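The values are calculated or read from the model by the stated rules, or taken from the named source; none is laboratory data. This is a predicted model, so every value here is computed, not measured. Neighbour counts run over all protein chains shown; Cβ positions are idealised from the backbone, glycine included.
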Amino acid sequence: MRPTYSGEVRIAGTFRAVARTPLLQVLKTSAAAVIAWLLCVFILKQQLPIFAAIAALLVVQPSVSQSFSRGVERSLGVIFGVVLAYAVGLIFGTSTWIVLGVIVVALLLAWVFRLSPGSTNQIPISAMLVLSIGGVTPTYAVNRIVETIIGAVVGLIVNVAIVPPVLLAPAHVAVLRLLRDCAACLDGIAASLTTPQDRASLDNLLATARALRTTQTAAKSTLAAGEDSLTLNPRRGRFRRVLENDGRILDRLGVLVTRIIGMTRAIHDNYEPSLTQDRVVADIARELTRAAHDLRMLGEDAEGTKPGAAPEEAPALTSPLIVVSPNPEHWILIGSLLEDMRRVREEIVGETAD
């Protein structure tokens, strides 16, 4: 068997998606193309209404709002391109240089008016086709507009009528992943305050905390995709509450991410082996462990696995940690950790910061 080289893997990866398109989406796209084609054959008496099928294929998107936007983009691009080509053809004719010039002019006009990429590409394509074929087929320009509009409308209707996509599961999973990673980081910080650490362990602790930013960005992206999937979606009423709850949790986690990174950086830069012998530091470590416990409980409530906390499962972080006289050797680090702990507690229990 011939070995596979990394270069071949990278090249193959450029042609393959990370995740497979849902089969339902494939079937909906196929149905939209077929319906658009048959409608144009019946209404316009066109034997090969390929532009209706193309429009339907492009309009069926992962969300209803994207389908609407794509349909508007393509329809406007076709209309502008056809009008431009018709006007130029009447004045200058349809020679090769005229066709090439119209392509350049169409792209410049799209740039001037800041049109979307979908419309920008469609205008010169439509203009070029009308100038090239319209002279032989006088009704080509009108048919192209009508076919495109029919295909776009069919694609939108199919996407709305047949189980309109709702992308809530990826958002929910991403938010819960961030929550659990935050809890794990809090446990890691607590362990670093009670167990002597070497420099490599502290570096790894800081790298793990900083990685929360990447997870947070991914959660925001998936949540935005979920919100987009509910826009213009007839099923949005049933799922809006779940998405809003995930959004509130993500907002609270944003504060926690900042505080966790701050605490980790403070420990990384000010760490001394004697910290593990400090009573106040031990109290802070205990509170951090409780905070991680309560954060996981918040995630379980969000999943619906614990509809109500039993008395023995009540939040462990019941009151702020109060230090009357911190150890002067560690007072900078202790003061920083205490302030971060205050904000962590407020976000977990849902209190408003002063």
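Considering (1) surrounded by 14 or more Cβ atoms within 10 Å (Cβ to Cβ); (2) at pLDDT below 85; (3) aliphatic (A, V, I, L, M), the lone condition that Ala32 does not fulfil carries the number (2). Residues that are basic (Lys, Arg) and under 17 Å from Arg70 (Cβ atoms) within the stretch 28-52 comprise just one, Lys28.
Checking the structure you have, find out if any residue of the stretch 216-239 is at pLDDT 90 or above, within 27 Å of His268 (Cβ to Cβ), part of a helix (DSSP H, G or I) and in contact with a Lys or Arg (Cβ under 6 Å, 6 or more places away or on another chain). For the stretch 216-239, residues at pLDDT 90 or above, within 27 Å of His268 (Cβ to Cβ), part of a helix (DSSP H, G or I) and in contact with a Lys or Arg (Cβ under 6 Å, 6 or more places away or on another chain): absent. Filtering Leu76, Leu24, Leu90, Leu108 for residues that are assigned to a helix (DSSP H, G or I), at pLDDT 85 or above and surrounded by fewer than 19 Cβ atoms within 10 Å (Cβ to Cβ) leaves a single hit, Leu108.
When the residues of the stretch 251-284 are narrowed to those that are among the basic types (Lys, Arg) and in contact with a helix residue (DSSP H, G or I) (Cβ under 6 Å, 6 or more places away or on another chain), which ends up surrounded by the fewest Cβ atoms within 10 Å (Cβ to Cβ)? If we take residues in the stretch 251-284 being among the basic types (Lys, Arg) and in contact with a helix residue (DSSP H, G or I) (Cβ under 6 Å, 6 or more places away or on another chain), then Arg252 is surrounded by the fewest Cβ atoms within 10 Å (Cβ to Cβ).
In the stretch 251-263, the residues that are not assigned by TED's automatic domain parsing to the domain that holds Leu179 and in a helix (DSSP H, G or I) never reach a residue that is surrounded by fewer than 16 Cβ atoms within 10 Å (Cβ to Cβ) and acidic (Asp, Glu) with C-beta atoms less than 7 angstrom apart, at least six apart or across chains. Specify the residue that is surrounded by the fewest Cβ atoms within 10 Å (Cβ to Cβ); the eligible residues are those in the stretch 157-205 that are assigned to a helix (DSSP H, G or I) and of a type in the set (D, E, K, R). That would be Arg199. If I filter the stretch 283-290 for residues that are under 25 Å from Ser63 (Cβ atoms), in the same structural domain as Leu202 (by TED's automatic domain parsing) and modelled with pLDDT under 85, do I get at least one hit? No: zero hits.
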